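The values are calculated or read from the model by the stated rules, or taken from the named source; none is laboratory data. Just so it is clear, the model here is predicted, and its values are computed rather than measured. Methodologically, a virtual Cβ is constructed for each residue, glycine included, from the backbone with ideal geometry; neighbour enumeration extends over all protein chains shown. Side chains included, ligands, DNA and RNA excluded: accessible areas come from the protein's heavy atoms. Shrake-Rupley method; radii C 1.70, N 1.55, O 1.52, S 1.80 Å.
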Amino acid sequence: MHIRKYKLIFLMCFFFIAGRAEYQYRPYSEQVVAYQLELQPGQMKQYLDAARMYQQLIFSYPDSALALADSMLLLDFDEATRLVFVYWRAKALSAQSRYVEALALVDSMDIRSARSQLFLGDLMVLQARLHKYVDDMEGALPSFLEAESIYREWNDRLGLVVVYINIAEYYRVLSKYELALQYLSEAAEWIDFYKLPLSVKLYALNRKSAVYNELQELDSAKLITEKIILIATQEGNKFLEASSKNELGVILHKEGELQAASDLYFSAIRQWKETGHVRYWASTVGNLSGILIKSGKYQEAKQWLISSLPIVVENNWHSILYSYYELLASISMHEGDYSAVFNYMEMARIEQRMDFQNLMNKELAIQQVEYESNRRQMMLDKAEEDAEKERKGRYFAVFVIVMILFVVSGLMAFVIEIRKRNREIGRINEKLSDTIGQKDALLKDVHHRVKNNLSFLIGLIHLQESETNEVTVKKEFSRIKQRLEAMAMVHSRLIDISDESQVNAVDMIKELQTYSEESFGKKKLIRFVSHNLISMIDSGSAIVLGVILNELITNSLKHAEADNTKLTIYIEYTDVKGKIRIGYYDSGDGLPNPEIFEAPSSVGFKLIRMLVRQLKGTITYIKDVNRFEIELGK
């Protein structure tokens, strides 16, 4: 048998192992919330203990994980929680290489009792992987895409990263290496940015190494794989350690380091046998036997193949059987037993024919991948075209907004400069008490002039608004008027009080509450709760704080106006030990995605974040309760 034949068999065995990286599971501590499980107090601890134990067992002891899942199904939990235990059982069967049985179990699950879309997404990922394991490549992609859609809708970062890695592995199996690397790169960016668990990062690196291996970029593949082996050993992840040893063995095999590759194959087979991953070690036996034959150790290779053959025949693993029979035929040729050579070659031909349908499925899957790639490109082109049209329509509005913001920024800078002069005057007042009257008159005049200037700008904007028919421009003019009116209101209060350097923030917010309710009608109700009767802050901070709260209130009311629904806004104010804490939330649906606020594109949210930083404070948005938390120092 020629060396070329050994290389073909070796690559077939590697193709199977590299395509079977262990699935990374959602952390047990997140499952109760993510899956929306309704557990009694006693059941909560029972579930979390079992989930933690299951996550520890599934990588290295899948038979024990299966037993745990079966024992949990015997307990008195509701249907939604029992569905999770069935899902555990299917994953444990998959970890034992019982793919057909696991896929049948998933297909039979009654998902109507599931409460969580995230659970359905995790189930879709498992279903897609099982389709891939039984060589139904055409059936795998729809489940992957459905899971991706669910994770995107619910902004589940961990789920998206896991499905990206699995889609990358899907494309790698189909030899679409460029697409595979694109998905892996996107997954790596998310892992680093959101600081996702180490196990997920190892999983992505393992798949990236497999792609580099098949692209013959062996130095990169070796560097990544050696790093994974070290970390997996430290973390006690036996499955990933064995998988990476097998892959490093493949790399060394290609480089001609047969003894080192053989040692790694031996170690991987031993670990997989310990953890019950049957098909994995059965495939690696083919790799090991190829090296033994190449080294002239025919009898040792024959013992490995004959001892492993019954379990491969029992499970009808056709691609592995084909490689075994080819290797046995090569050994028989060396022994001069031509009758055995003929028999083994005939059995290999039968297994090759049995595997033909699987190859057809892969061809269909490749066509489906190409169609999906073209569809995505068309969607991107259409989105770019629409974005260009929208940009052209907004050029004028953006120009006007920038100019007005420039004027407002100048006014803010002017006010801040006056405030600095006011503090300097305050220090001089200790020695020159006779100048107090002059200082007060100056400040009153400043606030009066600023208020008049703001009123002039408001009138000018109102006039400009009446001269345009574009709805978008009118809305932006209206938002700018509301910002200026909030500033004018604070300046008006500063004119009326005796000490312009300090403002009672509680009274100021109450006035802003009254102004907003009068401006938007009775359908909008604002509730303001303060834990302090008096909270004095400097006037400069009061102006900025007034603009921040006005922006939040206007944003809430704007969305309520669009929905034509009643809205209640809640503002909580606390001043304790020189720290001001403001909680703001409303009865609306909240932001669909926290990133709208964390990386804002709208002027309003950009202005809020800029002004909070100006006050040396912090602002956070809590999605679960639709609440903004602002903390300022006095």
Can you send over the carbon and sulfur percentage of the accessible area for the stretch 90-210, probe radius 1.4 Å, protein chains only?
52
What is the log10 of I(q)/I(0) for the stretch 127-185, computed with the Debye formula using one identical point scatterer on each Cα and no solvent, at q = 0.12, 0.16, 0.17, 0.24 Å⁻¹?
-0.26, -0.46, -0.52, -0.96
Peptides ranked, highest mean first, by Cβ atoms within 10 Å: ranges 79-85, 590-596:
79-85, 590-596
Given the Cα atoms of the stretch 214-344, and with Rh set as the inverse mean 1/r over their pairs in the Kirkwood sense, what is Rg to Rh to two decimals?
1.01
Can you tell me which of 603-611, 622-630 comes out highest on packing, and rank the rest after it, using the mean Cβ neighbours within 10 Å?
603-611, 622-630
Heavy-atom accessible area per residue, the stretch 573-634, 1.4 Å probe: how many Å²?
55
Straight-distance crosslink candidates among aspartates and glutamates, where the alpha carbon sits under 19 Å from residue 297 and sequence neighbours closer than 8 are dropped:
257, 263, 326, 335, 337
From the cross-link list 176/208; 392/623; 132/302; 195/227, which pairs have alpha carbons spaced over 22 Å apart?
392/623; 132/302
Express the carbon and sulfur contribution to the solvent-accessible surface of the stretch 539-584 as a percent, rounded to the nearest whole number, probe 1.4 angstrom.
47
How much of the calculated P(r) for the stretch 159-258 lies past 20 Å, in percent of all Cα pairs?
36
Out of the total accessible area of the stretch 242-293 (probe 1.4 Å, heavy atoms of protein only), what percent is carbon and sulfur?
54
Taking only C-alpha pairs under 8 Å that are 6+ residues apart, what is the relative contact order of the stretch 127-227 in percent?
18
